[in-house]
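**Q** Before I ask anything, let me first share the structure, which is written out below as C-alpha cells.
The values are calculated or read from the model by the stated rules, or taken from the named source; none is laboratory data. All figures in this text were calculated on a predicted structure; none of them were measured in a lab. All Cβ positions, even for glycine, are placed from backbone atoms using ideal geometry, and neighbour counts span all protein chains on display.
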Amino acid sequence: MGRIEGMGMRVGAGTASKLRIADLGTRALSAAVLLPVFLWIVLAGPLWVYGLMITAIAALGQWEFTGMFERAGIPTLRVGGLIGGTLVTASFAWSMAEGVTLTLVLMALLALSLSRAARSRGAWQSLAVTVLGVCYVNWLMGYGFRLRALDGGSGWVLLLVGVTWLGETAAYVIGASVGRHKLAPLISPGKTVEGAIAQVTVSVLAAVAAGTWLVPSLTLGSAALIGATLGVVGQVGDLAESALKRSVGAKDAGRLIPGHGGILDRVDGLLFNTPVLFYYATCGRSWHL
C-alpha cells in the first residue's frame, strides 16, 4: 500500500497512479496558459521583462522556501531573506556584481540576526535557513541572466527549459503509469526508476531534436551530452527539494500553480540545470563531440 503525502490516508498503488494521471489534465491546462507568455518573454519581449521574470520567480521561490520552515515552526529571517535574495538574483544582470551583492547580503543577514542571537541560543537556526534559501534559490536562479546574455541566449534558454520540462513530464507520466521500482523511497516515494530512465531518455531525445536548431553551433553529440547531463542533474535538483520538503513535512512548497504546487516545485530541476548548462556553454564547448 502507498501513502499520499500530506493527505493523512493510505491508498492502493493503483489508486495513487490514477490520481497522478488525472492530475496531468490540470498540469496541461496550467502549461497551456503559461507557456505562450514564457515564449513571448524569451523570444520577443524586452530584455528587462525577461530579467523581471527571473527575479520574480526567484523571489516567489525564496518566499515559499522560508514559508515551508515557518509552517513547521522553524523561524526564519523571512523579510530579510526576501529582500536580500531578490537583490542577489537581480545583481546577475550586471557583470561581476553578484559576488559583491551576495557578500553584502550575507553580512546584512548576519547583522540582522544579532538581536535574535542575544535572546535565544538557537536563533542562529533562522539565519542558517535564510542563507540556505538565498544561496539555493536566488543565487542559482540568477544564472538565468547569465545564460540569456550568451550569444544566441534565447536558444540556450529554450533548450534548457524544453529539455528539463519535457524530461520531467516523461518521468511523471511513465512513473505514474508503469513505474514499479522506487528510486528514492525515503526522500520522494512517488519517484520511480522507470520514471528516472524515461526522464534521461526523453531529455536526450529532446536535446538532439531541438539542440542544433536552437543553438546552431552545437553538434549532435554535444546536444546528446547536454540532454543526458540535464536529465540526470535535474533529477538531483528535484530530489534535493523533495528532501527539504520532507524534512519539514511539506507535500508542496506552495499552491500557486494548479497541478504543479508552488513556484519552487516547478523550478527545482531548473535551479540545478541552469548553472550547469551555463558553464557547459562557456567552459565546456571545446569538448564538442
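**Q** Looking at V193, is it hydrophobic (A, V, I, L, M, F, W, C), at pLDDT 90 or above and farther than 24 Å from A224 by Cα?
**A** no
**Q** Further question: Between a first residue in the range 266-281 that is assigned to a helix (DSSP H, G or I) and a second residue that is at pLDDT 95 or above and among the hydroxyl-bearing types (S, T, Y), which pairs have beta carbons less than 6 Å apart while being 6 or more apart in sequence or on different chains?
**A** G269/T164; L270/T164; N273/T164; T274/Y143; P275/Y143; F278/Y143
**Q** Then there's this: Could you please give the count of residues in the range 143-167 that are at positive phi and part of a helix (DSSP H, G or I)? Quick ask: steps written out before the conclusion?
**A** Step one: list which residues in the range 143-167 are at positive phi, which gives 152.
Then keep just the ones that are part of a helix (DSSP H, G or I); that gives none.
Of the residues in that region, 0 qualify.
**Q** Follow-up. Which count do you get for residues in the range 172-192 that are hydroxyl-bearing (S, T, Y) and within 16 Å of K251 (Cβ to Cβ)? Give the derivation first.
**A** First pass over the range 172-192, keeping only residues hydroxyl-bearing (S, T, Y): 172, 177, 188, 192.
Among the residues that remain, those that are also within 16 Å of K251 (Cβ to Cβ) are: 172, 188.
Total meeting the criteria: 2.
**Q** Something else: Collect the residues in the range 84-141 that are aromatic (F, W, Y) and at pLDDT below 95, keeping them in residue-number order. Explain how you work it out, then say what you get.
**A** Going through the range 84-141, the residues aromatic (F, W, Y) turn out to be 92, 94, 124, 136, 139.
Selection gives W94, W124.
**Q** So which residues in the range 171-183 are touching a residue at least 40 places away in the same chain (Cβ under 8 Å) and out of contact with any strand residue (DSSP E or B) (no Cβ under 6 Å at 6 or more places or on another chain)?
**A** Answer for the range 171-183, where residues must be touching a residue at least 40 places away in the same chain (Cβ under 8 Å) and out of contact with any strand residue (DSSP E or B) (no Cβ under 6 Å at 6 or more places or on another chain): A171, Y172, V173, A176, S177.
**Q** Out of A170, A224, which single residue is at pLDDT below 95 and part of a helix (DSSP H, G or I)?
**A** A170
**Q** Is there a residue being outside any helix (DSSP H, G or I) and not assigned by TED's automatic domain parsing to the domain that holds A224 anywhere in the range 124-142? Steps first, please.
**A** If we filter the range 124-142 for residues that are outside any helix (DSSP H, G or I), which is where we start, we get 142.
Pick out the ones that are also not assigned by TED's automatic domain parsing to the domain that holds A224 and you get 142.
Checked the range 124-142: at least one residue is outside any helix (DSSP H, G or I) and not assigned by TED's automatic domain parsing to the domain that holds A224.
**Q** Sticking with this structure for a sec: Taking into account only those residues within the range 215-238 that are surrounded by 20 or more Cβ atoms within 10 Å (Cβ to Cβ) and touching a Ser or Thr at 6+ places or on another chain (Cβ under 8 Å), which is farthest from Y280 (Cα to Cα)?
**A** Going through the qualifying residues, I end up with D238.
**Q** If I filter the range 192-201 for residues that are assigned by TED's automatic domain parsing to the domain that holds L277 and assigned to a strand (DSSP E or B), do I get at least one hit?
**A** So far as the range 192-201 goes, yes, one or more of its residues are assigned by TED's automatic domain parsing to the domain that holds L277 and assigned to a strand (DSSP E or B).
**Q** OK, next. Hey, does the range 89-99 have a residue that's aliphatic (A, V, I, L, M), in a helix (DSSP H, G or I) and over 24 Å from V248 (Cβ atoms)? Let's see the steps before the verdict.
**A** Here is the first cut: in the range 89-99, the residues aliphatic (A, V, I, L, M) are 90, 93, 96-97.
If we keep only those that are in a helix (DSSP H, G or I) too, we end up with 90, 97.
Cutting the leftovers down to over 24 Å from V248 (Cβ atoms) gives us 90, 97.
The answer is yes; a qualifying residue exists.
**Q** In addition: Given the conditions (1) free of Cβ contacts under 8 Å to residues at least 40 places away in the same chain; (2) closer than 30 Å to A207 by Cβ; (3) buried (at least 20 other Cβ atoms within 10 Å of the Cβ), report the number of the one that E168 does not fulfil.
**A** (1)
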